[in-house]
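The values are calculated or read from the model by the stated rules, or taken from the named source; none is laboratory data. Computed from a predicted model, the values in this text were never measured in an experiment. Glycine also receives a Cβ, built like all others from the backbone with ideal geometry; neighbour counts cover every protein chain displayed.
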Amino acid sequence: MAASAARYLEPVAALPRRIPRPLKRFLLVSPALVWIVCLILLPNAFLISYSLWKNELGTILHVWNVHNYTELFSSQVFITLLKRTLLIAVVSTTCATLIAYPLAYVVVTRFGRYKTLAALLIIVPLWVSYLMRVFAWKIILGENGVLNGLLKSIGLIEKPSTALLYSTTTVIVTLTYVAIPYVFLASYTSLDRVPKHYYEASSDCGASAWRTFRHVVWPLTRPGVAVGFAIGFVLTFGDYVTPQMVGGLSGTMLGSIVLQSFGTADNWPQGAAIGVTIICTGLIVLALLSLFTRLEAEIE
Amino acid sequence: MATAKKESSDVSTATRAPERVEVGDAPRSRTNVVELRGVSKVYPGSDEAAVADMDLEIHEGEFFSILGSSGSGKTTTLRMIAGFEQPTSGSVLLDGADATGVPPFRRDVNTVFQNYALFPHMKVQANVAYPLKMAGVPRREIEPRVEEALERVSMTGFEKRLPHQLSGGQRQRVALARALIGRPRLLLLDEPLGALDLKLRESMLLVLKHLQRQVGITFIYVTHDQGEALAMSDRLAVMNGGRIEQVATPMEIYDRPATSFVAGFIGKTNLLDCMHAGGLAGHAGSMRLALPEEPDEARFVLSVRPEAIVVGEGSRGLGNHYTATVGDILFLGHEREVMADIGGQRLMVRSNSAAVSTGDTIEIGWDPADAVIVRETGSWRPQQQGT
């Protein structure tokens, strides 16, 4: 017995190791490394370097300075835009969360075995091109749009209103719509993870549906909502398509300025500086959010 | 609404008299804490009733078990009492008042769930305090009561732990403390020991039984384990296929099973398909039998427990006496289980004698009074389990 076992074991032990261990380890990690270096580290390094170089009538001088930043933060226009962009992103993501989370709650708790179908229907808009979705709002809110037509036909207004389109509110409405599926997805996943017997146990302990929600369901799903909010925020904060299509002048956001700087203005260093500012602001907001994602619990 | 709101009277009386000690053997008042009247439950999308036309009365202060294999409807019954499910027809009465349709949080009933269902984000302290908090008990009152409840289940010192930092048995005890802290009229336990290992089960059985005596709350205990049910209960109901087969004390269930299912499910037994031959005589195949009583029908089932069958010379004077051939022998340690063949009828008997071996001829017999005529309801076979 022992002899035969040894006979079977020996050839395996004697197999030549073709690839040395450290190299093997490196090869295994390399796809991830390539990904991180090419798609995250390098672009950001370029962006930061550009933001620290000097622009001389469209040509870039490789002189290190913080001129781009001082100029930005002394510009009243930039400060206004930054504030507005923050406001628009926070308000629209908050609205999206206020709509998507209750929606997800209802779907998870009330739809039974149809909940997957219901969730799918809510996410379906994501299959349509982003431009199409934003354009749809133009059709709804425009001067000859669906909403104006409706208001006119029921006699609420005399002539079509131009106030609906091209304003901060329009951008908020559209971005809210854009963010809803993402926040919904994150909320739905976290709500779906709360087992039914927690609801039952809470009810059994004398808690009404509302108190069960407040004391059990919300604390357990808050991290998921925070993740959804973060995704929505990042998405809306850097957006430039929506403001350009439905925002008009009062709906302009930082993203549009970045596009202009890199495009028509041909001032890459300035565009890069705005880009870095956007990234840093986003990171600060995400850091604040991460305070809400901590949960010291394990759902069985 | 008579179905007692949790907060009010119960809590305040409880704080005045911290220990509602009731002696287990004292005659109990005959109030029905729970009464089911013609209750049926058909789940949507299913043709078969999970519970069919069930009548049941559970008395104040008793330890009542519902015993059945999985899919027998025992958990559904419990969930209807708790209010998690509504009966398709019939009514559920709690303390004599109709509670059908009353949501769980308005019922003076608490449940210990099979998987404990402790809230994972709350420390033990918060978990146990939860029912009191929901009932609006002042904070300074909550703390000593949580302490007392944890002490009762020997979990003092674990207040600051989270549920996932506890072992299965500890979680079980915290769940018990949480269910008992509001001093409900009724405690429902859904296979509470199902997830514990054997040693822990045994000690938890004692904890439960002791606790029930101490607090005097009515317990309804759902289990598939006949040993647990027999050991713990004042009375128990045996369920099969959504129907109650028998409700009786453990001793009655064991000694006088009403149906062939009960006889087969509780302990081991020999079930003989018999024909009536007039008076107290009958026959099963070629075996002639003396009966304990006159059967109602011409065909009936006779249950004879293996331990009622005497082996050897001692069986000669008994009402039923046969010579049998020994078939298979199972050695169980403290005794042997012997299959005895009497003209084609196989009977399981017990023997302590090492002298018995396969192929031998032995004498067996039993007193007719030790056998029971049972109603045929199909016998329990393990492979038929499941849903």
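Points to keep in mind about this one:
- Residues that are free of Cβ contacts under 8 Å to residues at least 12 places away in the same chain and hydroxyl-bearing (S, T, Y) were ranked within the stretch A:130-169; the one that is nearest to A:P243 (Cα to Cα) is A:T169.
- Check on B:Q114, within 27 Å of B:V207 (Cα to Cα) and of a type outside the set (A, V, I, L, M, F, W, C): yes
- Conditions (1) more than 14 Å from chain A (Cβ to nearest Cβ); (2) touching a Lys or Arg at 6+ places or on another chain (Cβ under 6 Å): number failed by B:E151: (2)
- Leading residue by the ranking (surrounded by the most Cβ atoms within 10 Å (Cβ to Cβ)) among those in the stretch B:87-103 that are out of contact with any strand residue (DSSP E or B) (no Cβ under 7 Å at 6 or more places or on another chain) and closer than 20 Å to B:N32 by Cβ: B:V102
- Taking the stretch B:333-376 as the range and being farther than 27 Å from B:R299 by Cβ, in contact with a strand residue (DSSP E or B) (Cβ under 9 Å, 6 or more places away or on another chain) and not in a strand (DSSP E or B) as the test, the residues that pass are B:E335, B:N352, B:S353, B:A354, B:V356, B:S357, B:T358, B:G359, B:D360.
- Filtered by the rule that a residue be surrounded by fewer than 22 Cβ atoms within 10 Å (Cβ to Cβ), under 16 Å from B:R173 (Cβ atoms) and more than 10 Å from every other protein chain (Cβ to nearest Cβ), the stretch B:106-144 gives a lone residue, B:Q125.
- For the stretch B:303-313, the condition holds for at least one residue, the condition being that it is under 29 Å from the mean Cα position of the chain (by Cα), within 28 Å of B:A258 (Cβ to Cβ) and charged (D, E, K, R).
- Wholly enclosed helices (runs of 4 or more DSSP H) of the stretch A:1-86 bearing at least 1 residues of a type in the set (K, R), surrounded by 10 or more Cβ atoms within 10 Å (Cβ to Cβ) and modelled with pLDDT of 80 or more: A:21-36
- Residue, nearest to A:L235 (Cα to Cα), within the stretch A:107-166, restricted to residues that are outside any helix (DSSP H, G or I) and β-branched (V, I, T): A:V128
- Yes/no for B:T156 being among the β-branched types (V, I, T) and within 11 Å of chain A (Cβ to nearest Cβ): no
- Restricting the first member to the stretch B:35-54 and to residues that are within 14 Å of B:N240 (Cα to Cα), and the second to residues that are part of a loop (DSSP other than H, G, I, E, B) and among the aromatic types (F, W, Y), the beta-carbon pairs closer than 7 Å and six or more apart or on different chains are B:A50/B:Y43.
- Any hit, the stretch A:250-267, residues being within 14 Å of another protein chain (Cβ to nearest Cβ), surrounded by fewer than 17 Cβ atoms within 10 Å (Cβ to Cβ) and either touching a residue at least 24 places away in the same chain (Cβ under 8 Å) or on the phi < 0 side of the Ramachandran plot (or both): no
- Matching residues in the stretch A:53-66 - criterion: being over 19 Å from A:L254 (Cβ atoms) and either in contact (Cβ under 8 Å) with a residue 40 or more places away in the chain or not β-branched (V, I, T) (or both): A:W53, A:K54, A:E56, A:L57, A:G58, A:I60, A:L61, A:H62, A:W64, A:N65
- Residue match in the stretch B:251-261 (condition: in contact with a Lys or Arg (Cβ under 7 Å, 6 or more places away or on another chain), within 17 Å of B:F300 (Cβ to Cβ) and outside any helix (DSSP H, G or I)): yes
- Residues of the stretch A:96-116 that turn out to be of a type in the set (A, V, I, L, M, F, W, C) and touching a Leu at 6+ places or on another chain (Cβ under 9 Å), as a count: 6
- Selection count, the stretch A:193-208, where residues are at the interface with chain B (Cβ under 7 Å from one of its Cβ atoms) and assigned to a loop (DSSP other than H, G, I, E, B): 4
- Among the conditions (1) of a type in the set (F, W, Y); (2) out of contact with any helix residue (DSSP H, G or I) (no Cβ under 9 Å at 6 or more places or on another chain); (3) farther than 24 Å from A:Y240 by Cβ, the only one that A:W127 does not satisfy is (3).
- With respect to (1) modelled with pLDDT of 90 or more; (2) more than 10 Å from chain A (Cβ to nearest Cβ); (3) within 27 Å of A:W218 (Cα to Cα), the lone exception for B:G101 is condition (1).
- Restricting attention to the stretch B:175-212, the residues that are away from chain A (no Cβ under 14 Å), in contact with a helix residue (DSSP H, G or I) (Cβ under 6 Å, 6 or more places away or on another chain) and not in a helix (DSSP H, G or I) add up to 2.
- Index of the failed condition, A:A226 passing every other in (1) free of Cβ contacts under 8 Å to residues at least 40 places away in the same chain; (2) away from chain B (no Cβ under 14 Å); (3) buried (at least 19 other Cβ atoms within 10 Å of the Cβ); (4) closer than 30 Å to B:L166 by Cβ: (1)
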